[in-house]
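Working notes for the structure below.
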Amino acid sequence: MAWSTSHRKDELPPNWAALRKQAKARAGDVCEFRDKAGVRCADKGSELHHTGRKFDHRLEVLMWICTPHHAGETARQAKAAQYAKYVAAKKRPTEQHPGIRGAAATDKAIARRLHR
Ligand SMILES: [Zn+2]
């Protein structure tokens, strides 16, 4: 969904502009994304990314990030959320093994048969 048609702006806190300014200053206006090897992106940042939950607006979980990395991270988060939803939907309550459930009763029945 494009930012222009999104309702996300309405979900952001009133101090969003100040948070952007603080994160940008912290990052020196350079993208804070790091690859798997820990190497930081050298591009200019332009957007603020939520590394945690979308309503967690604490500065420590916000990342000043370039547009390509923001798109990649947002897609990765969406995919992870979709997978979590899929796993939750597939999860069923665990059933007790039928052999275990009746084990004590079965043992008594066998003992009775053997000592007849
Ligand atoms: Zn970047």
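List of remarks:
- The number of Lys pairs in the chain with C-alpha atoms less than 15 Å apart, excluding pairs fewer than 8 positions apart on the same chain, is 4.
- Comparing LYS91, LYS44, LYS79 in a Gaussian network model of the chain (Cα springs below 10 Å), the most mobile by mean-square fluctuation is LYS91.
- Only DSSP H runs of four or more residues enter the estimate; each adds -39500 (n - 2.57), and after division by the residues of the chain the mean residue ellipticity at 222 nm equals -14500 deg cm²/dmol.
- Span-like helix ranges in the chain, DSSP H, alpha carbon extent 18 angstrom or more, Kyte mean at least -1.0: 67-90
- Working from label points 7 Å from Cα in the Cα-to-Cβ sense, the LYS9 to GLU60 distance is 3.2 nm.
Just so you know, all these numbers are worked out from the coordinates, no wet-lab data involved. Remember, it's a predicted structure, so these values are computed and weren't measured experimentally. Reconstructed Cβ throughout: ideal geometry from the backbone, glycine too, with neighbour counts over all protein chains shown.
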